[in-house]
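Here the structure is laid out as structure tokens; the discussion comes afterwards.
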Amino acid sequence: MALNKPKIVILGAGYGGLMTVTRLTKFVGPNDADITLVNKHNYHYETTWMHEASAGTLHHDRCRYQIKDVINQSRVNFVQDTVKAIKIDEKKVVLANGELKYDYVVIGLGAVPETFGIKGLKEYAFPIANINTSRLLREHIELQFATYNTEAEKRADRLTIVVGGAGFTGIEFLGELAARVPELCKEYDIDRSLVRIVCVEAAPTVLPGFDPELVDYAVHYLEENGVEFKIGTAVQECTPEGVRVGKKDEEPEQIKSQTVVWAAGVRGHPIVEEAGFENMRGRVKVNPDLRAPGHDNVFILGDSSLFMNEDTERPYPPTAQIAMQQGITVAKNLGRLIKGGDLEEFKPDIKGTVASLGEHNAVGVVYGRKLKGTPASFMKKVIDNRSLFLIGGLGLTLKKGKFKFF
Ligand code: FAD
């Protein structure tokens, strides 16, 4: 073994981190570098499936797999620990249980919910973020239904679910709720008409950036399944009793609810901000080779990064699709830094976007083609399976994939 091999530390085993690590072992040999992957859990979870785990339409164990099953354990040292700080000047990472020195670091810690300073959201609203938040939200919703008939006073707030945000995550979660609520009603002897699902969105439209025909389709489908939309309406405050919402220049309205879900945006991980990088909402505008400006040994990818779309002069929205593609570029560029060669510029290849509306319905655009209904839902499952395949191959896809196409 060569002495003084460069030390590469990858933070986060999400889409970006895992893609980096699985490709890196192909681009650098065992004598070229020491590779360490740090993640707070011993499993990877499919963040893009958390709306299903949160609603209870898919068990959370279906949405996660062991990290050791997809990495080359003879090449990658996996450390299960929580990153507490990144000390850029000292080239070290502080963990809950120790420290790691690095020559190169890859930051893929993902995102955290963005509450825009709205009072009470952090304390009283449920985010859709990871296995722990999803498990809690699923159980909480079920507890409300289970409690309803045990109380002398029939509390409507137990059966009122408010979803803040009609973007991608909010709409996908509403789609799952539309399927889950009738099941819960049946299980707990509750009339479906007693349940309210209210979506509050401050923007003038649902699914901003989506084709208007697809937006109409999604709204119509969700309304038919009992979702009330309050568009152009902002959540002003969240309390233990519910939310205050309102349109500009209008009297605010109180919605009593025991279940307020906040799905209206994310920001980069606070550790990235605290490390001292210049950032916008915790996301660092990275160079074309995905390194942090002024830091030649620091790569940032996925939701912690901000990558500009030169055609629109706006950043690409943070997606798993981009995080995974970035992982390949980061792995290649690390290989070139260590073994020589020009660094590659990251070129996103956006294949499309599909938002699910429950298990058998969806809307989206794939390779420029608009899709809705069963074909869109089929494509959504193909996309979900593809991400498993890219990281864990056929074995993982067969074990965790979605094959109930119709
Ligand atoms: P992540 O995949 O979130 O991974 C971050 C990793 O870092 C996790 O393993 C986490 O445990 C770990 N971590 C965090 N903090 C620490 C710490 N302090 N110490 C150690 N480890 C830590 N994108 C799409 O492209 N298509 C979709 O259809 C889509 N649907 C979505 C649906 C939902 C409900 C949500 C919430 C998001 C969706 N997204 C979708 C967005 C997508 O999930 C994110 O863009 C993607 O997960 C970002 O990948 P990442 O690698 O940056 O971070």
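The values are calculated or read from the model by the stated rules, or taken from the named source; none is laboratory data. Bear in mind the structure is a predicted one, so any value in this text is a computation, not a measurement. Ideal geometry is used to build each Cβ from the backbone, glycine not excepted, and the neighbour counts take in all protein chains shown. For accessibility, only protein heavy atoms count, side chains too; no ligands or nucleic acids. Shrake-Rupley method; radii C 1.70, N 1.55, O 1.52, S 1.80 Å.
Within segment 127-139, track down each residue that is surrounded by 15 or more Cβ atoms within 10 Å (Cβ to Cβ) and either of a type outside the set (D, E, K, R) or closer than 20 Å to E228 by Cα (or both).
P127, I128, A129, N130, I131, T133, S134, L137 - these are the residues of segment 127-139 that are surrounded by 15 or more Cβ atoms within 10 Å (Cβ to Cβ) and either of a type outside the set (D, E, K, R) or closer than 20 Å to E228 by Cα (or both).
Given the conditions (1) assigned to a strand (DSSP E or B); (2) within 13 Å of the ligand (Cβ to nearest atom), which single one is not true for E99?
In the conditions (1) assigned to a strand (DSSP E or B); (2) within 13 Å of the ligand (Cβ to nearest atom), E99 misses (2) alone.
Report the residue count in segment 229-273 for those that are in a strand (DSSP E or B) and either under 27 Å from Y217 (Cα atoms) or open to solvent by 10 Å² or more (accessible area, probe 1.4 Å) (or both).
21
Have a look at R75, R158 and point out the one that is more than 16 Å from the ligand (Cβ to nearest atom), crowded, with 21+ Cβ neighbours inside 10 Å and either in contact (Cβ under 8 Å) with a residue 60 or more places away in the chain or over 30 Å from D211 (Cβ atoms) (or both).
Going through R75, R158 in turn, just one is more than 16 Å from the ligand (Cβ to nearest atom), crowded, with 21+ Cβ neighbours inside 10 Å and either in contact (Cβ under 8 Å) with a residue 60 or more places away in the chain or over 30 Å from D211 (Cβ atoms) (or both): R158.
Of the conditions (1) open to solvent by 10 Å² or more (accessible area, probe 1.4 Å); (2) not in a strand (DSSP E or B), D296 satisfies every one except a single condition; which number is it?
Of everything listed in (1) open to solvent by 10 Å² or more (accessible area, probe 1.4 Å); (2) not in a strand (DSSP E or B), D296 misses just condition (2).
Pick out the one residue from G352, G373 that is away from the ligand (no atom under 12 Å from the Cβ), surrounded by fewer than 20 Cβ atoms within 10 Å (Cβ to Cβ), small (G, A, S) and farther than 30 Å from K68 by Cβ.
That would be G373, the only listed residue that is away from the ligand (no atom under 12 Å from the Cβ), surrounded by fewer than 20 Cβ atoms within 10 Å (Cβ to Cβ), small (G, A, S) and farther than 30 Å from K68 by Cβ.
For segment 181-192, indicate whether the set of residues that are open to solvent by 20 Å² or more (accessible area, probe 1.4 Å), under 21 Å from E237 (Cα atoms) and touching a residue at least 40 places away in the same chain (Cβ under 8 Å) is non-empty.
Within segment 181-192, not a single residue is open to solvent by 20 Å² or more (accessible area, probe 1.4 Å), under 21 Å from E237 (Cα atoms) and touching a residue at least 40 places away in the same chain (Cβ under 8 Å).
Mind checking which residues of segment 329-344 are open to solvent by 20 Å² or more (accessible area, probe 1.4 Å) and out of contact with any Ser or Thr (no Cβ under 8 Å at 6 or more places or on another chain)?
Answer for segment 329-344, where residues must be open to solvent by 20 Å² or more (accessible area, probe 1.4 Å) and out of contact with any Ser or Thr (no Cβ under 8 Å at 6 or more places or on another chain): K332, R336, L337, I338, K339, G340, G341, D342, L343.
Given the structure, is L109 in the same structural domain as V330 (by TED's automatic domain parsing), assigned to a loop (DSSP other than H, G, I, E, B), of a type in the set (A, V, I, L, M, F, W, C) and over 20 Å from A179 (Cβ atoms)?
yes
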